[in-house]
């Protein structure tokens with residue numbers, strides 16, 4: 001393999017691919033990035049068997065071929081290159097880089113050891129604006145289960161219908177749901193996608209602000225973002241039938257300004273009992289939400305002006321579930337709908353189109 | 001104690017004081033910040049017995065008094081206050097904060113347990129521009145010894161003469177020296193100041209860009225920065241007689257562009273043997289500096305155009321010592337003066353006023 005390319009292009013491509021190298025696998029060959037030189041193009045691929053990232057750059061290829069380079073070292077090195085033209089020249093297990101008057105050599109692993117990567121072919125697909133896809137992921141993916149007790153709950157359910165895609169994540173204590181319009185779909189379909197893969201998709205910049213196409217086949221999902229393609233395995237198993245969980249009749253319904261609510265809860269968490277459940281008490285009356293918490297360190301009692309369309313209620317929550325949703329919900333005010341101190345509440349935008357819904361379970365008041 | 005102050009002022013003052021609370025002491029009372037209310041002023045003080053920071057803000061004080069607040073909690077909490085007027089009201093071991101319609105209470109430790117802080121009085125002093133003091137610290141303090149084998153080497157020697165202050169730090173493998181003009185001095189003096197204290201002084205913003213006064217007495221140094229005062233203990237013992245170490249006759253003298261040199265060395269370090277000494281080889285000829293390094297991972301051979309006023313030389317260094325000095329030296333090009341592969345080199349600015357000097361010991365070439 002022998003090719004000439006721009007140093008900045010190379011650094012950027014390596015920086016994208018490195019995100020899929022296998023820090024969590026036991027197969028050391030997956031710590032490498034595969035570079036494939038074909039006429040006019042270098043294609044970089046990395047995988048950890050769950051997530052696969054493939055990205056390509058323009059290059060003058062004078063000798064085709066496929067090699068492996070050590071991922072972390074090559075990424076660190078490429079980031080220190082300063083935009084010159086770089087020549088990549090592979091011979092006898094070594095990749096030689098030439099730039100300016102200088103030369104570096106990297107010991108390379110045998111490319112035959114790299115696994116064959118499964119292709120996503122004969123897939124169904126849907127198209128969505130890139131901005132909507134990013135927003136969908138950011139509003140939902142943080143709510144997946146963080147531990148391994150039920151692997152399916154580390155994924156986000158995507159349900160594609162005629163004109164919308166619905167994303168749902170839940171961890172047993174809360175649920176996040178978001179609906180976005182799609183521009184086309186070849187079929188109705190659903191899939192449970194690892195949240196980590198979705199987060200990488202959401203962090204990856206596309207080449208333009210237009211639509212992206214998402215391909216889904218039996219056990220894989222692929223997203224094409226211009227010169228970069230991300231493929232992820234899907235999680236097997238049945239997702240929780242979430243529709244049954246979300247009630248639609250509530251007695252108390254309050255509207256709360258997000259920014260004030262968030263800082264108040266953050267202060268309350270600092271003084272709540274020093275355990276993971278961060279219990280914070282809400283006393284809801286006609287025009288006030290009283291937020292209180294306490295521990296040996298001290299206690300807090302704050303009042304927020306609200307609009308309440310229902311009876312008074314006292315209820316307690318893990319404040320973290322609210323601060324996390326407030327960080328991503330993207331609206332100025334939310335409506336919280338509640339029934340009793342033992343029933344989950346539902347959180348919706350206070351006005352405008354209802355693209356998200358959160359459900360939060362209360363904690364018992366001592 | 002009862003006082004009314006601006007929430008942003010309070011948050012800023014707590015954020016300054018917290019830097020001196022004792023994470024490294026075994027005395028838990030030093031995890032607190034002391035707040036002293038006198039007419040018109042709140043003074044916040046924290047210390048870890050080595051470094052003491054005292055800072056004051058304007059307040060309407062209606063009841064004088066001195067209290068302790070838990071440092072970390074109060075800092076986290078103050079950062080979440082949103083600029084309202086805050087009332088501090090202390091009664092029965094609790095500090096009550098009132099802001100807007102809200103109220104929080106903090107359990108407080110007994111102020112009698114807080115140590116008396118030593119005063120710096122009857123001190124000699126010198127005055128220096130704040131910018132020069134910051135520059136002096138940044139160019140020298142990184143070179144102190146990081147381990148505890150010789151405590152005096154964790155300090156920076158300050159030598160005050162009629163018109164200059166000289167700062168020196170060394171760790172057995174390298175030395176950093178910087179000279180800055182002073183605007184006045186009450187006496188000739190010297191002191192060895194813990195680098196950590198100097199770094200906190202350098203990070204602290206003064207209230208204006210003018211001069212700061214540095215007070216030195218037998219075992220303490222104090223810097224007044226407007227409303228903030230930083231006091232540090234001095235290190236006892238004799239500093240290394242550094243003047244003997246710095247030769248003034250060199251055979252080889254090269255001028256190197258800093259930016260190119262730095263990225264070249266960073267690349268070289270990535271491929272140098274994977275140990276802490278980061279050995280990188282310099283082959284100096286008439287117009288070229290060849291930088292090379294190698295390991296099982298690969299090897300590197302880069303060429304930098306230089307001006308050499310002396311004989312050729314091959315020598316090796318721990319590249320980290322150069323990258324660190326290049327990060328702070330603040331010039332476009334440096335002059336490196338060398339003798340033999342076993343003698344330390346000296347690094348100076350290539351042109352302009354010579355305010356810094358670095359000395360770096362070579363490593364043996366295998």
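Structure summary
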item	result
Spherically averaged projected area of the range A:246-360 from its Cα convex hull (nm²)	6.6
Chain A, relative contact order [Cα under 8 Å, separation at least 6], %	12
Across the identical copies, how the residue B:205 labels are spaced - nm, sorted shortest first, 7 Å along Cα→Cβ	3.0
Spatial separation of Cα centroids for the range B:150-191 and the range A:65-137, in angstrom	49
Mean ellipticity per residue at 222 nm, deg cm²/dmol - from DSSP H runs of n ≥ 4 across the protein assembly as shown, formula -39500 (n - 2.57)	-5000 deg cm²/dmol
Residues B:264, A:202, B:353, sorted so that the one with the fewest Cβ neighbours within 10 Å comes first	B:353, A:202, B:264
For the range B:160-211: relative contact order, % (alpha-carbon pairs under 8 angstrom, 6 or more apart)	33
Where only alpha carbons of the range B:2-113 are counted, the Rg and the Dmax (Å)	12.9, 41
Gyration tensor (Cα) of the protein assembly as shown, equivalent ellipsoid semi-axes in angstrom	51, 46, 18
Mean Cα-pair separation over length for the range A:2-113, i.e. relative contact order, pairs under 8 Å, 6 or more apart, %	30
Teacher prompt: residue B:93 distances to equivalent labels in other copies, 7 Å Cα→Cβ, nm	7.1
Relative pair counts by distance (%), Cα atoms of chain B, 20 Å bins	26, 44, 25, 5
Per-copy distances of the residue A:295 label point, shortest first, in nm (7 angstrom along Cα→Cβ)	4.2
Exercise: per-residue mean of other protein chain Cβ atoms within 10 Å, A:95-108	5
Folded to 0 to 90 degrees: helix A:130-140 orientation relative to chain A principal axis, Cα	50
Scaled radius of gyration (Cα, divided by 2.2 N^0.38 Å) that the range B:94-241 gives	1.25
Between helix B:319-328 and chain B: long-axis angle, C-alpha atoms, 0 to 90°, nearest 10	50
Unit Cα scatterers, Debye sum, the range B:171-268: log10 I(q)/I(0) for q = 0.11, 0.20, 0.23 Å⁻¹	-0.55, -1.16, -1.32
Shielding of B:260-273 by partner chains, average beta-carbon count, 10 Å	3
With 10 Å bins from 0: P(r) over the range B:104-151, alpha-carbon pairs, percent	16, 19, 30, 26, 9
Exposure proxy ranking, count of Cβ atoms within 10 Å, fewest first, for A:103, A:306, B:216, A:245	A:245, A:103, A:306, B:216
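None of the figures in this text is laboratory data; all of them are computed from the coordinates on show. These numbers were taken from a predicted model, which means no experiment stands behind them. Positions of Cβ are generated from backbone atoms using ideal geometry, with glycine treated the same way; all protein chains shown enter the neighbour counts.
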